[in-house]
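One structure is given here, and the rest of the page talks about it.
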Amino acid sequence: MLVAEDELIIGVDLCDTVEEAGYRVEGPHNRLDSAMLSIQKQRPDVAILDVRLDDGDVFPLAEALMKEKVPVIFHSSRVSPQEMRDRFPQALACSKPCPPDQMIEMVREALDDI
């Protein structure tokens, strides 16, 4: 699972939450270039993406992942879940901060759709 999040504390918390649920995590990546390099090395099963990273919007990464049929969960405080679903109907989306149990439920839902 890939986590891309520009806020270190939130990124670490997301990774811990997902790892405690039994998933292996790559990240948190705070930059688009780092996350893009990561997916070139290993295709994740799911990606949790903040919309804005330190070096720009995450949309090129999201589009590359979706092209490869990797489920994407957008996690943002700047863009509403509805806006993300309108732009990427195949993706899941939640507002930041997302309660841990809700995030794990979204991860399970994303994996069920594979």
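Return the only residue of 25, 46, 79, 18 being β-branched (Val, Ile, Thr), under 10 Å from the mean Cα position of the chain (by Cα) and either under 25 Å from residue 101 (Cα atoms) or surrounded by fewer than 21 Cβ atoms within 10 Å (Cβ to Cβ) (or both). Please lay out each step first, then the result.
Numbers: 25 fails: under 10 Å from the mean Cα position of the chain (by Cα); 79 fails: under 10 Å from the mean Cα position of the chain (by Cα); 18 fails: under 10 Å from the mean Cα position of the chain (by Cα).
Criteria check complete, one pass: 46.
For the stretch 55-63, check the following and say yes or no: at least one residue is outside any strand (DSSP E or B) and under 21 Å from residue 105 (Cβ atoms).
If we filter the stretch 55-63 for residues that are outside any strand (DSSP E or B), which is where we start, we get 55, 58-63.
Add one more test, that the residue is under 21 Å from residue 105 (Cβ atoms), and what stays is 62.
Yes, the stretch 55-63 has at least one match.
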Looking at (1) without any contact (Cβ under 8 Å) to a residue 40 or more places away in the chain; (2) within 18 Å of residue 21 (Cβ to Cβ), find the lone condition where residue 86 falls short. (2)
The stretch 70-88: number of residues that are over 16 Å from residue 3 (Cβ atoms), modelled with pLDDT under 95 and assigned to a loop (DSSP other than H, G, I, E, B): 3
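Residues are listed down the side, and each one gets a yes or a no for (1) over 21 Å from residue 80 (Cα atoms); (2) touching a helix residue (DSSP H, G or I) at 6+ places or on another chain (Cβ under 8 Å); (3) part of a helix (DSSP H, G or I); (4) among the small types (Gly, Ala, Ser):
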{"residue": "3", "(1), (2), (3), (4)": "no, yes, no, no"}
{"residue": "12", "(1), (2), (3), (4)": "yes, no, yes, no"}
{"residue": "24", "(1), (2), (3), (4)": "yes, no, no, no"}
{"residue": "36", "(1), (2), (3), (4)": "yes, yes, yes, no"}
{"residue": "39", "(1), (2), (3), (4)": "yes, yes, yes, no"}
{"residue": "43", "(1), (2), (3), (4)": "yes, no, no, no"}
{"residue": "65", "(1), (2), (3), (4)": "no, yes, yes, no"}
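With the condition kept exactly as written, say whether any residue in the stretch 101-113 is in a loop (DSSP other than H, G, I, E, B) and free of Cβ contacts under 8 Å to residues at least 40 places away in the same chain.
So the first thing to find is which residues in the stretch 101-113 are in a loop (DSSP other than H, G, I, E, B), and the list is 113.
Restricting the remaining residues to those that are free of Cβ contacts under 8 Å to residues at least 40 places away in the same chain gives none.
No - not one qualifying residue is present in the stretch 101-113.
The values are calculated or read from the model by the stated rules, or taken from the named source; none is laboratory data. As the structure is a prediction and not an experimental result, all values here were calculated from the model. Cβ atoms come from the backbone with ideal geometry, glycine included; neighbour counts cover every protein chain shown.
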